[in-house]
Amino acid sequence: MNRRIVSTLGALAALSGVLPLAAQAPAAPAETPTLVVFLTVDQLRADYFEKYGSQLEGGLARLYNGGAVFTNAFHDHANTETAPGHASTMSGRFPRSTGIVQNSAGVQDPQAPLIGGGGPAASPFRFRGTVLTDWMRIRDPRTRALSVSRKDRGAILPMGRAKQEVYWYASDGRFTTSTYYADTLPTWVGRFNDRGVPRRMAGQAWTLLLPESAYPEPDSVPAESGGRDFVFPHVLSSDPVQAARSFPEFPWMDQLTLDLALEGLNELKLGAGPQTDVLAVSLSTTDAVGHRYGPDSREIRDQVLRLDRMLGAFIDSLYTVRDSSRVVFALTADHGVTPFPTVAYGAEAARAYHVRLDPVAAQVRAALAAAGVDSAAAFVNDGMLVMNRAAFAGKRLTPDSVTSLFVRASAAVPGVYRVDRVRDLAKGDTVNDAVTRRWNHMLPPDLPVEAVVTLKEGHVWGTATFAQHGSPQDVDAHVPVIFYGPAFRTGKFDRFARVVDMAPTLAAVLGVPPTEPLDGRVLAEALR
């Protein structure tokens, strides 16, 4: 492969066969790396590496077989959603410290509209503290960073509040950024967008990468995709405008994101030294496919196999323009996913696995109304009771009585595992009780949450017809943590590790001291 970056259309064509990998292993560590590549694969469950192992032969296989792999690794916080997960990856801190607690209060910011439109305004204004890139710039102000993703929160939050090069996908088929970062798009991003790949892919079909016999999963599960278009092939709309909107649902989105990352690396000369630079890439298609078809589907297997080949080509291309002995990789996910209840338990039993707190919220509202308390004084949000205690002043209803009502009523809902008062969680067993520990890691002290609900494993909120995540249960929290490159030992480590350990471990490799206390620690056994 030459130094010119292969176009997305060409790379997509190559995915029909096996992509060769560079034969050489990374050289032994000698100098400080000039490039850190941080890969986050949205919704990549840790068990996919073993589940699809014999069929992985590209980048995922290379990192898993040749890297330092922590097989017992987790996001050790409760709301395992995209925004909190991405905020923890390069900060080394839990949501209680980053302030990013849920997707609905992640990067939305009306003061930072997108350049050219195509999506909601976004910035990291809610993010608290610093990230790895900030620590690196304190040591060497020449350090630069590029972060790209299909999702705004996937691109923004790994960089914290830093005003680096940050780009994400707009609904019109372009990559863009918000006015928090720039007033105009740089020429190189404009040139990349001018290729119009998503629109040019209109009408293309997503077919199986391997022969049908290589897929043990049935391709006839009506619970997938809301009962529509759940059988291969899946065809992108022939309308170019709609094709651009639907493009993120197809594996080609990851290829486009990786192409942008490589183009940006070359244009910005990241990793050319003498300083250490950062390339952060969040790949979102596994999340889109996983939500729509579920973690037990033929579609998710094919998506992960395609991602594996794409990452193999990405690493090979990167090594043609940068010295492999000066590059280190880190790979993780922002969360896992719970299987479709219908697929896991059958249509009849699945009804019991969908949980709603609507009746509980109605009881809370009724109690407020009867006492003349503003209805906004207490409300239920994502299984959390949020309360403004000041609004109860002078009323005959007390905040504690509302909390008690919420705890009693929620505990009686089928499918609820436990309900905890936040003040009691602080006194709980954070060593042996993962749920208690993860809720303690979740909530900033100034967030007015009085009580939290945890569902039983396998249960999901509401009646949604897509696969879900977001619980403190292991099925949503268990993710891969992998380091690769000359600084790291090759091997599998089964000790308990967290995603918040990744940033301090990379900082140790770079000799960069964090500028604030971290929740994570250095995974010393991974280091040569």
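The values are calculated or read from the model by the stated rules, or taken from the named source; none is laboratory data. Keep in mind it's a predicted model, so treat the numbers as computed, not measured. All Cβ positions, glycine included, derive from the backbone under ideal geometry; neighbour counts span all protein chains shown.
As an exercise: evaluate residue 401 against (1) out of contact with any strand residue (DSSP E or B) (no Cβ under 6 Å at 6 or more places or on another chain); (2) crowded, with 22+ Cβ neighbours inside 10 Å and give the number of the one condition it does not meet.
Every listed condition holds for residue 401 apart from (2).
Test residue 129 against the criterion of being part of a loop (DSSP other than H, G, I, E, B) and more than 25 Å from residue 78 (Cβ to Cβ), and give yes or no.
Details: part of a loop (DSSP other than H, G, I, E, B): yes; more than 25 Å from residue 78 (Cβ to Cβ): no.
Spelling it out, it is not the case that residue 129 is part of a loop (DSSP other than H, G, I, E, B) and more than 25 Å from residue 78 (Cβ to Cβ).
Go through region 114-127 and count every residue that is buried (at least 19 other Cβ atoms within 10 Å of the Cβ), out of contact with any strand residue (DSSP E or B) (no Cβ under 8 Å at 6 or more places or on another chain) and not hydrophobic (A, V, I, L, M, F, W, C).
Of the residues in that region, 1 qualify.
May I ask you to list the residues in region 185-241 that are among the basic types (Lys, Arg) and either over 26 Å from residue 343 (Cα atoms) or in contact with a Ser or Thr (Cβ under 7 Å, 6 or more places away or on another chain) (or both)? Outline the logic, then answer.
Step one: filter region 185-241 for residues among the basic types (Lys, Arg), giving 191, 195, 199-200, 228.
Those that are among the basic types (Lys, Arg) and either over 26 Å from residue 343 (Cα atoms) or in contact with a Ser or Thr (Cβ under 7 Å, 6 or more places away or on another chain) (or both): 191, 195, 199, 200.
Determine whether region 115-124 contains at least one residue that is within 16 Å of the chain's Cα centre (by Cα) and either farther than 23 Å from residue 245 by Cα or in the same structural domain as residue 36 (by TED's automatic domain parsing) (or both). Please lay out each step first, then the result.
Initially, region 115-124 is screened for residues within 16 Å of the chain's Cα centre (by Cα), giving 124.
Among the residues that remain, those that are also either farther than 23 Å from residue 245 by Cα or in the same structural domain as residue 36 (by TED's automatic domain parsing) (or both) are: 124.
Scanning region 115-124, I find at least one residue that is within 16 Å of the chain's Cα centre (by Cα) and either farther than 23 Å from residue 245 by Cα or in the same structural domain as residue 36 (by TED's automatic domain parsing) (or both), so the answer is yes.
In the set 414, 444, which member is assigned to a loop (DSSP other than H, G, I, E, B), at pLDDT 95 or above and touching a Pro at 6+ places or on another chain (Cβ under 9 Å)?
Details: 414 fails: touching a Pro at 6+ places or on another chain (Cβ under 9 Å).
Only one candidate qualifies: 444.
Take the residues in region 37-62 that are hydrophobic (A, V, I, L, M, F, W, C) and more than 18 Å from the chain's Cα centre (by Cα), then tell me which one is surrounded by the most Cβ atoms within 10 Å (Cβ to Cβ).
As a first pass, look at region 37-62 and keep what is hydrophobic (A, V, I, L, M, F, W, C): 37-39, 41, 44, 46, 49, 56, 60-61.
Subset that is more than 18 Å from the chain's Cα centre (by Cα): 56, 61.
Details: 56: 24, 61: 20.
Step by step, filter region 37-62, then rank; the result is 56.
Which condition number does residue 525 fail, the rest of (1) among the charged types (D, E, K, R); (2) closer than 25 Å to residue 47 by Cα; (3) at pLDDT below 95 being met?
Condition (3) is where residue 525 drops out.
Of the residues 424, 382, 433, 420, which single one is under 14 Å from residue 358 (Cα atoms) and out of contact with any Lys or Arg (no Cβ under 9 Å at 6 or more places or on another chain)?
Numbers: 424 fails: under 14 Å from residue 358 (Cα atoms); 433 fails: under 14 Å from residue 358 (Cα atoms); 420 fails: under 14 Å from residue 358 (Cα atoms).
Of 424, 382, 433, 420, the one residue that is under 14 Å from residue 358 (Cα atoms) and out of contact with any Lys or Arg (no Cβ under 9 Å at 6 or more places or on another chain) is 382.
Report whether or not residue 222 is assigned by TED's automatic domain parsing to the domain that holds residue 58, at pLDDT below 95, assigned to a loop (DSSP other than H, G, I, E, B) and surrounded by fewer than 21 Cβ atoms within 10 Å (Cβ to Cβ).
Numbers: assigned by TED's automatic domain parsing to the domain that holds residue 58: yes; at pLDDT below 95: yes; assigned to a loop (DSSP other than H, G, I, E, B): yes; surrounded by fewer than 21 Cβ atoms within 10 Å (Cβ to Cβ): yes.
Considered against the rule, which asks whether it is assigned by TED's automatic domain parsing to the domain that holds residue 58, at pLDDT below 95, assigned to a loop (DSSP other than H, G, I, E, B) and surrounded by fewer than 21 Cβ atoms within 10 Å (Cβ to Cβ), residue 222 comes out as yes.
Going by the conditions given, is residue 254 surrounded by 24 or more Cβ atoms within 10 Å (Cβ to Cβ), in a helix (DSSP H, G or I) and modelled with pLDDT of 95 or more? Show your work before the answer.
On the way: surrounded by 24 or more Cβ atoms within 10 Å (Cβ to Cβ): yes; in a helix (DSSP H, G or I): yes; modelled with pLDDT of 95 or more: yes.
So residue 254 fits the description; yes.
For residues that are of a type in the set (D, E, K, R) and out of contact with any helix residue (DSSP H, G or I) (no Cβ under 6 Å at 6 or more places or on another chain), scanning just region 322-356, find the one that is farthest from residue 509 (Cα to Cα).
If we filter region 322-356 for residues that are of a type in the set (D, E, K, R), which is where we start, we get 322-323, 326, 334, 348, 351, 356.
Filter once more, so that each one left must be out of contact with any helix residue (DSSP H, G or I) (no Cβ under 6 Å at 6 or more places or on another chain): 322-323, 326, 348, 351, 356.
Values: 322: 18, 323: 17, 326: 12, 348: 52, 351: 49, 356: 46 Å.
Step by step, filter region 322-356, then rank; the result is 348.
Kindly list the number of the only condition in (1) surrounded by fewer than 24 Cβ atoms within 10 Å (Cβ to Cβ); (2) in contact (Cβ under 8 Å) with a residue 40 or more places away in the chain that fails for residue 349.
(2)
Residues of region 138-152 being more than 16 Å from residue 253 (Cα to Cα) and in contact (Cβ under 8 Å) with a residue 24 or more places away in the chain, which ones? Let's see the steps before the verdict.
Pass one, region 138-152, residues more than 16 Å from residue 253 (Cα to Cα): 138-146.
Scanning region 138-152 gives 138, 139, 140, 142, 143, 144, 145, 146.
Just to be sure I understand, how many residues within region 345-372 are farther than 24 Å from residue 420 by Cα and hydrophobic (A, V, I, L, M, F, W, C)?
Narrowing region 345-372 to residues farther than 24 Å from residue 420 by Cα: 345-351, 369-372.
Adding the requirement that they be hydrophobic (A, V, I, L, M, F, W, C) leaves 347, 349-350, 369-371.
Counting residues in region 345-372 that are farther than 24 Å from residue 420 by Cα and hydrophobic (A, V, I, L, M, F, W, C) gives 6.
Out of everything in region 319-331 that is out of contact with any Ser or Thr (no Cβ under 6 Å at 6 or more places or on another chain) and within 25 Å of residue 499 (Cα to Cα), what residue ends up being surrounded by the most Cβ atoms within 10 Å (Cβ to Cβ)?
By that ranking, first place goes to 330.
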